[in-house]
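K.L.:
One structure, pasted below without further comment.
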Amino acid sequence: MAAEQKEMSFLGHLEELRWHLVRSAAAIFILAIVFFVFAKQVYTHFLLAHLQPDFITYQLFCDFFNLFGMDSSFCSINFGEKKLQSIKVTSQLMNSIWSSLILGVIVAFPYILWEIWRFVSPGLTEKEIKKSRGFILIASFLFFIGVFFSFYVIAPISIQFLYNYQITEAIENSFTLESHIGLVTNMLLGVSVLFELPVLIYFLTKIGLITPAFLRKYRKHALVVVLILAAIITPPDVASQVIVAIPILILYEISIRVSARVIKNQEKNANKS
């Protein structure tokens, strides 16, 4: 009888999880439909915005570097008159569908977190629920900071460099629609997830896989990894690499403090009990 109740309980949890996933998927698809309907505006003002020489980031970087008397390629942005190539019959349609879905996931992220929270919260104590009420707000804030940073910093830096990089004049750059949109959307998602580092460290510390001592011990290693990543995704100049590396290093330091706070709270609760 007990096994039967346990099985029913397990099946009930699966059914509940299924509906949370269905509602999350529905939110993504509804937003994707909206983005697909307004695909022209989305591409012109968002996904292809970095190909405009007057994009705000290029102007700000030019002014910033000039302020310190430094020459910068951002002051002479030139993508020429070339257009992105669509070499398959279905390229534009499929690209707009996938881009709409990815943007749907990005915009629906807070709602997806809320659905996850609704599924997990019944298994938490009142004290745990009270302490973690700000989870959705903090995680969503970090995620959209990542979107903002990716769109206005990493994407324009990378696109400006990659579009103008040329081994020899015998090779002509002619990029496809898929490669450009894939670059932008992958950056948006990848960097946004990277900005969830403090949240990830919080949960890893909670379950005992990470400690602040471990993070401090490998701080120098993390610095090297961050600088390598910054060198890969930015032009080969120190200023651009620093611009990208600083926020990631700040996130790492925040993660150390988050981990230390979790350990401190766990020790305090252990002493009380």
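The values are calculated or read from the model by the stated rules, or taken from the named source; none is laboratory data. Bear in mind that the values here come from a model prediction, so they are computed numbers and not experimental data. Please note: Cβ atoms are built from the backbone with ideal geometry, for glycine as well, and neighbour counts cover all protein chains shown. Areas reflect the complete protein model, heavy atoms only, side chains present, ligands, DNA and RNA absent. Shrake-Rupley method; radii C 1.70, N 1.55, O 1.52, S 1.80 Å.
K.L.:
Six or more apart or on different chains, Cβ atoms under 8 Å: show the pairs whose first residue is in region 106-124 and more than 15 Å from PHE135 (Cα to Cα) and touching a residue at least 60 places away in the same chain (Cβ under 8 Å) and whose second is open to solvent by 40 Å² or more (accessible area, probe 1.4 Å) and part of a helix (DSSP H, G or I).
P.N.:
Final answer for the pair search is ILE106/LEU189; VAL107/LEU31; ALA108/LEU31.
K.L.:
Going by what's in this entry, would SER158 be described as more than 22 Å from VAL225 (Cβ to Cβ) and either open to solvent by 70 Å² or more (accessible area, probe 1.4 Å) or out of contact with any Gly (no Cβ under 9 Å at 6 or more places or on another chain) (or both)?
P.N.:
Criteria not met by SER158.
K.L.:
Assuming ALA139 fulfils every condition listed in (1) hydrophobic (A, V, I, L, M, F, W, C); (2) open to solvent by 50 Å² or more (accessible area, probe 1.4 Å); (3) within 21 Å of the chain's Cα centre (by Cα) apart from one, which condition is it?
P.N.:
Checking ALA139 against (1) hydrophobic (A, V, I, L, M, F, W, C); (2) open to solvent by 50 Å² or more (accessible area, probe 1.4 Å); (3) within 21 Å of the chain's Cα centre (by Cα), the one that fails is (2).
K.L.:
I would also like to ask the following. Inside region 35-71, can you point out the residues that are over 20 Å from LEU101 (Cβ atoms), surrounded by 15 or more Cβ atoms within 10 Å (Cβ to Cβ) and not aliphatic (A, V, I, L, M)?
P.N.:
HIS50, PHE55, THR57, TYR58, PHE61, CYS62, PHE65, listed by residue number.
K.L.:
So, one more: Anything in region 76-122 that is among the acidic types (Asp, Glu) and part of a loop (DSSP other than H, G, I, E, B)? List them, or say none.
P.N.:
Of everything in region 76-122, just one residue is among the acidic types (Asp, Glu) and part of a loop (DSSP other than H, G, I, E, B), namely GLU81.
K.L.:
Being over 15 Å from LEU162 (Cα atoms) and surrounded by 15 or more Cβ atoms within 10 Å (Cβ to Cβ) is the filter; apply it to region 72-91 and report the residue that is modelled with the highest pLDDT.
P.N.:
Among those residues, the one meeting the criterion is SER91.
K.L.:
Among the residues of region 171-180, is any over 16 Å from the mean Cα position of the chain (by Cα), crowded, with 19+ Cβ neighbours inside 10 Å and closer than 19 Å to PRO53 by Cα?
P.N.:
Looking for residues that are over 16 Å from the mean Cα position of the chain (by Cα), crowded, with 19+ Cβ neighbours inside 10 Å and closer than 19 Å to PRO53 by Cα, one finds at least one in region 171-180, hence yes.
K.L.:
Now for a different question. If you go through region 179-195 one residue at a time, do you hit one that is at pLDDT 90 or above, small (Gly, Ala, Ser) and within 18 Å of LEU162 (Cα to Cα)?
P.N.:
Checked region 179-195: at least one residue is at pLDDT 90 or above, small (Gly, Ala, Ser) and within 18 Å of LEU162 (Cα to Cα).
K.L.:
So SER158 fits all but one of (1) assigned to a loop (DSSP other than H, G, I, E, B); (2) under 21 Å from the mean Cα position of the chain (by Cα); what number is the exception?
P.N.:
(1)
K.L.:
Limited to region 35-60, what total is found for residues that are without any contact (Cβ under 8 Å) to a residue 60 or more places away in the chain and over 21 Å from the mean Cα position of the chain (by Cα)?
P.N.:
10
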